[in-house]
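Here the structure is laid out as structure tokens; the discussion comes afterwards.
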Amino acid sequence: MSNTTLELFYYDACPFCQIVLRKIEELKIKVTYCDIFADQTFLKRLVDDTGRRTVPCLYIDNKPMHESSDIILWLEENVDKLEKNS
């Protein structure tokens, strides 16, 4: 198991975010959730880091990854190395 830090920038009404959220739940991966509508500091960080407001965005050790299909593929390929929820 790695010490990889995962943060998902999302908002609830986004259908692509919901797909990623379901995959995270299915794989039981430990992720910090950053709702860009609930906390504007998350939105500011996302825009400052990427120049975009686009979600979902998974930060993998502080490196942002956009596109729900890319995020899901990465999670599936790395699931065995990631920390799980208890």
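Close Lys pairs in the chain, defined as Cα atoms under 19 Å apart and 8 or more places apart or on different chains, number 9.
When you filter the trypsin sites (Lys or Arg not before Pro) in the chain for DSSP loop state and at most 15 other Cβ atoms inside 10 Å of their Cβ, you are left with LYS28, LYS30, ARG52, ARG53. For the chain, a Gaussian network of Cα nodes joined below 10 Å ranks CYS34, CYS14, CYS57 by mean-square fluctuation, and the top entry is CYS14. Each part gets one Cα centre, and for segment 1-46 versus segment 50-76 those centres are 9 Å apart.
Putting +1 on Lys and Arg Cβ atoms and -1 on Asp and Glu Cβ atoms, find which of CYS34, PHE16, CYS57 reaches farthest to the positive end of the dipole of segment 14-80. Farthest towards the positive end: CYS34.
The residues neighbouring GLY51, those whose beta-carbon lies less than 15 Å from its own, together hold a net charge of +3 under the Lys/Arg +1, Asp/Glu -1 convention.
Here, each number is a calculation from the coordinates, and none is a lab measurement. Since the structure is predicted, the reported quantities are computational estimates derived from the model, not experimental observations. Virtual Cβ from ideal backbone geometry, glycine too; neighbours counted across all protein chains shown.
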